[in-house]
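Each value in this text was obtained by applying a stated rule to the coordinates, not by laboratory testing. All values reported here derive from a predicted model rather than from experimental measurement. Cβ coordinates were reconstructed from backbone atoms using ideal geometry, including for glycine residues, and neighbour counts include every protein chain displayed.
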Amino acid sequence: MSVRRLAEDNVQPASFAFSKENATWAKATINKYPKGRQQSAVIPLLMRAQEQDGWVTKAAIESVADMLDMAYIRVLEVATFYTQFQLLPVGTRAHVQVCGTTPCMLRGAEDLINVCKKRIHAQPFHLNESGTLSWEEVECQGACVNAPMVMIFKDSFEDLTPTQLEHIIDRFDAGKGSTVEPGPQVDRIFSAPIGGLTSLNEPEPVAKKAPTRAKKADEDSVSVPPSNAARAKTDADETDPKLKTPVTAKAEAAANAKAKGDTRAEGGDTAAKQPAALVAKPSLEDKNRPAGIARPATPDDLELISGVGPKIAGILHELGIFTFAQVAGWKKAEREWVDSYLNFKGRIERDDWVKQAKALAKGGEAEYIRVFGKKPR
């Protein structure tokens, strides 16, 4: 671990005091612990001090120590040990923490660091000219499957490209950081696979019939024959009407179901359990099918719409859908037809393809960023 020291005295403030709201919070936090154990609140109080001033000052350390009846050196040990505490002034609008651990490094963390060097300062822990931005490289931040990633204050921004990071830095520097949606910056839900779920979404398989006694006997022909006692018990089970065997139980269930007019016990629900992929698609002659056009010389990149991947884009092209304007003009009935044809129930409404397409048709990526606060996928 690198040596961590407090900032020089010339940048240290003369005093520290919690705001009225934070002081009330700090008192309530201390009271959570038994008398004589109030030092357990040291990390929460230091973190709240950092959130208030942007970094942990010498005066804040001493103030927290007095509140908890701790020696100054004990609180200093905590502040200098945990790298979550900033011991130097950081950007007033954003302090970018770039994860540089192996998964992120393999996925392009060095390119993100180069962006920070270019847009903020050549060295970590240095402010930009206006004092609004700073950066550092940190160890694993726990989102390896979404590598590469950065953290800004309490929010993580994942699946980043250098261009996306530049956009995020620009938004924070302009005082509009709240408009940037944290989390994955691609079309994925948290840590789910890119492009949608690949497991736990299969239709329930049709149950297989149990093998007949003859087939079972053939399969077990190499096994040891049952003893006379076991054979006698089996024969007795099959002849005794009071004892149900798998064969008699199945026959009885089928008879009861037939008497009630229910054909499921005889396989009558087979059609209802067919996989969704076998359900017939809507007719191409349906009146609700969106009108197609001839392929233009330069089709729009439909994959810029979140929720549209290469496969879906190919199907849309087959239907004569090549431009953002076409998607932007879909009515409800047309959206439902396309949704059913693609067999992705609810995706068009969930991802709001029409709103995305309207923004892209109106002003391309610049308009998309203005509307959604992030670049299209």
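For this structure, a couple of remarks:
- Shape category assigned to region 9-81 from the gyration tensor of Cα positions, a/c cut at 1.5: oblate
- Region 9-81, relative contact order [Cα under 8 Å, separation at least 6], %: 34
- Going from the residue with the fewest nearby Cβ atoms within 10 Å to the one with the most, 170, 159, 351 rank 170, 351, 159.
- Entries in 311/375; 281/375; 176/332; 176/375; 331/358; 332/358 that, when Cα-Cα distance is taken, lie over 25 Å: 281/375; 176/332
- With 0.36 nm allotted per residue and the present C-alpha distance subtracted, the residue 301-residue 22 stretch has 95.5 nm of extension available.
- Packing-based exposure ordering (other Cβ within 10 Å, fewest first) of 66, 339: 66, 339
- Seen from all directions on average, region 17-149 presents a Cα convex hull projection of 9.4 nm².
- Region 289-363: relative contact order as a whole-number percent, Cα under 8 Å and 6+ apart: 37
- For region 94-184: rounded, prolate or oblate by the Cα gyration tensor [a/c cutoff 1.5]: oblate
- More than 21 angstrom apart: percent of Cα pairs within region 275-377: 31
- Counting beta carbons within 10 Å around each of 375, 287, 27 and listing the fewest first gives the order 287, 27, 375.
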